[in-house]
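Colleague: First, the structure itself, so that you have it in front of you.
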Ligand code: SIN
Ligand code: FE
């Protein structure tokens, strides 16, 4: 399996040749991981103080920064909070600028979703099976209906002592979907409406969202699948960056500490090959529209 598409670039401004742009977009939409071994997000001397698990509030796994500027999940207050906010904002802007240079087809179509900083070591952390991201899954979130929109994520490993972030990447989306789709249910419209009205979900869950949650949970709860499904290990070194559609790429994060992550949402019709979107794959397999 050749899931990594490696691009040896060292700066966040591009520029990229038309060939490099087209190749990156094609690889991404096919479900590969774009890997930039030398693309480092550098912290300044002050920001290095933020490299401690104590930056998290202990309740959330991640420190989060909304596009509105609202900071969450951190124990930092006062000057430290402001340092955190500025560092994460700088990362969010670098990430957006980089993606727009790399894939101009998506420029103006990428919606900035929250930025996250993950200062807690993954290995040894306890979580229920459904919340355990060391198990293979595609991203789907109960409170955040996507209604078909893509989840595109850029990660930078900022570990100060060279520890890699270790992922497993699994089989292609359609193969995984063929296995778990039969047991997934589409949920009722009344229930979806009620959850939206009560604020349990941000907006109304579509059939697509019910099915994606079914795939997410189905895979995480299947111990045999977790053990035996095809997967390769990738160790993303400190000082590297990678990008993938996490709603499509089967992935698990097994070890590592200190990563920054920027999420973007993208409409299916902004893709160069929309037929590769999970929405279109699931609609084909189910035989009807899901949004
Ligand atoms: C995940 O999306 O499952 C976690 C990825 C990571 O934190 O490396
Ligand atoms: Fe995930």
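Colleague: Cα-based Rg of the stretch 127-206 per 2.2 N^0.38 Å, rounded to two decimals?
Modeller: 1.41
Colleague: Seen from all sides and averaged, what is the projected area of the convex hull of the Cα atoms in the stretch 168-260, in nm²?
Modeller: With every direction weighted equally, the projected area is 7.6 nm².
Colleague: With no solvent and one equal point scatterer per Cα, compute the Debye intensity ratio I(q)/I(0) for the stretch 73-150 at 0.18, 0.20 Å⁻¹ and report its log10, rounded to two decimals.
Modeller: -1.10, -1.17
Colleague: May I pose another question? Pick from 104, 278, 119 the residue whose mean-square fluctuation is largest in a GNM of the chain, springs joining Cα atoms under 10 Å.
Modeller: So, out of 104, 278, 119, the one fluctuating most is 104.
Colleague: With a 10 Å Cβ neighbour count serving as the proxy for reagent exposure, in which order, fewest first, do 158, 7 appear?
Modeller: Fewest-to-most Cβ neighbours within 10 Å comes out as 7, 158.
Colleague: Moving on. Rounded to the nearest Å, what's the spacing between the alpha carbon centres of the stretch 228-291 and the stretch 92-135? Just the number, please.
Modeller: Spelled out, the Cα-based centre of one part sits 11 Å from the other.
Colleague: I've got another one for you. Report the relative contact order of the stretch 4-286, percent, no decimals, based on alpha-carbon pairs under 8 angstrom and at least 6 residues apart.
Modeller: Computed value for the stretch 4-286: 30 percent relative contact order.
Colleague: So what's the back-of-envelope 222 nm ellipticity for the chain, counting only DSSP H runs of four-plus at -39500 (n - 2.57) apiece and dividing by all residues, rounded to 500?
Modeller: -9000 deg cm²/dmol
Colleague: While we're looking at this one, here's another question. Give the order of 137, 265, 46 when sorted by the count of other beta carbons within 10 angstrom, beginning with the fewest.
Modeller: Least crowded to most crowded, the residues run 46, 265, 137.
Colleague: For the stretch 13-67, compute Rg over Rh where Rg is the Cα radius of gyration and Rh is the Kirkwood radius from the inverse mean 1/r over Cα pairs.
Modeller: That ratio equals 1.13.
Colleague: Quick check on the chain: what are the equivalent-ellipsoid semi-axes from the Cα gyration tensor, as sqrt(5λ), descending, whole Å?
Modeller: Ellipsoid semi-axes (Å, largest first): 29, 23, 20.
Colleague: Next question, about the same structure. Which ordering of 171, 79 is given by a fewest-first count of other beta-carbon atoms within 10 Å?
Modeller: Starting with the residue having the fewest Cβ neighbours, the order is 79, 171.
Colleague: At a temperature of 25 °C and a viscosity of 0.890 mPa s, determine how fast the stretch 48-96 diffuses translationally according to Stokes-Einstein, using the Kirkwood radius over alpha-carbon pairs as Rh; express D in µm²/s, rounded to the nearest whole number.
Modeller: Rounded to a whole number, D works out at 223 µm²/s.
Rule-based calculations on the coordinates, nothing more; no lab input. The structure displayed is predicted, hence computed values, not measured ones. Glycine also receives a Cβ, built like all others from the backbone with ideal geometry; neighbour counts cover every protein chain displayed.
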